[in-house]
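Written below as structure tokens is the structure these notes are about.
The values are calculated or read from the model by the stated rules, or taken from the named source; none is laboratory data. From a predicted model like this one, the values you see are computed outputs, not experimental measurements. For neighbour counting, all protein chains shown are included, and Cβ atoms are generated from backbone atoms with ideal geometry for every residue, glycine included. Just the protein is used for accessible areas: all its heavy atoms, side chains included, with ligands, DNA and RNA removed. Shrake-Rupley method; radii C 1.70, N 1.55, O 1.52, S 1.80 Å.
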Amino acid sequence: MPHPLPLAIALLDGAGITALILTSYYIYKAYRITESRLFLFFLAGFTLLALSELARAVLMLLTLLLPSPFFLRFFLRHLVGSLGQVLETVSWSLIALGYLLEGRRPGNNRAAGPVPVAPPPPRPEHVFSLTYGLNAVILSFIVVRNLSAYARSGNRSILRTLLAFALILASNVAGLAAVLWDVEGLFILSRILFVAGLLVFLAFIAGVASSR
């Protein structure tokens, strides 16, 4: 009998991919309106993130065809899952780089720390623990930048991006805990938090794209 978790994850991934496609579309529209350089990094990051989710979706289909009582371990050891994780880390790195460069624009004297980079791991099963941890560091940087931007401007729209990235940060923390403790329930919680964060960001960027 097929393991029920891959089906649940596949449904969440489908929702995530749909949200990412819509998000990328609205980011493009928002960039055409605002010509903000930060939105270019958003576009590159979220488009690449959509590719990483497609890679995961392929693996979910494989797990449905090849049922295993140890779904999480199978997922962690499969090269396609590792590829998705690496692409996700690159995506968040691009977005963090956008915030970093935005903070160094003329008139902004606030110093920003470097975006951390890790060497490629030697084995596929190590990719998840390393990339979940690295993603958490990068997303923490993005959350802090949103907090500092809100503290300076008081612009309430920033709270929506803050909430979106905080939810995605929480999803990576839950994913790291799932890997370290081998708990499948935390893995599905990670995916739920991830999709929730995407939907919050989608609501924000759709509002920006529809403002004019």
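Points to keep in mind about this one:
- All positions within the range 196-212 that are open to solvent by 10 Å² or more (accessible area, probe 1.4 Å) and either of a type outside the set (Val, Ile, Thr) or at pLDDT 95 or above (or both): 196, 199, 200, 202, 203, 204, 206, 207, 210, 211, 212
- Condition met for residue 154 (exposed (fewer than 15 other Cβ atoms within 10 Å of the Cβ) and either touching a Lys or Arg at 6+ places or on another chain (Cβ under 8 Å) or at pLDDT below 90 (or both)): no
Quick grid of which residues meet (1) basic (Lys, Arg); (2) farther than 20 Å from residue 87 by Cα; (3) in a helix (DSSP H, G or I); (4) open to solvent by less than 40 Å² (accessible area, probe 1.4 Å):
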site	(1), (2), (3), (4)
130	no, no, yes, no
135	no, no, yes, yes
142	no, no, yes, yes
146	no, yes, yes, yes
175	no, no, yes, yes
186	no, yes, yes, no
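- Looking across 113, 98, 81, one residue alone is touching a Phe, Trp or Tyr at 6+ places or on another chain (Cβ under 9 Å), at pLDDT below 55, at negative phi and not aromatic (Phe, Trp, Tyr). It is 113.
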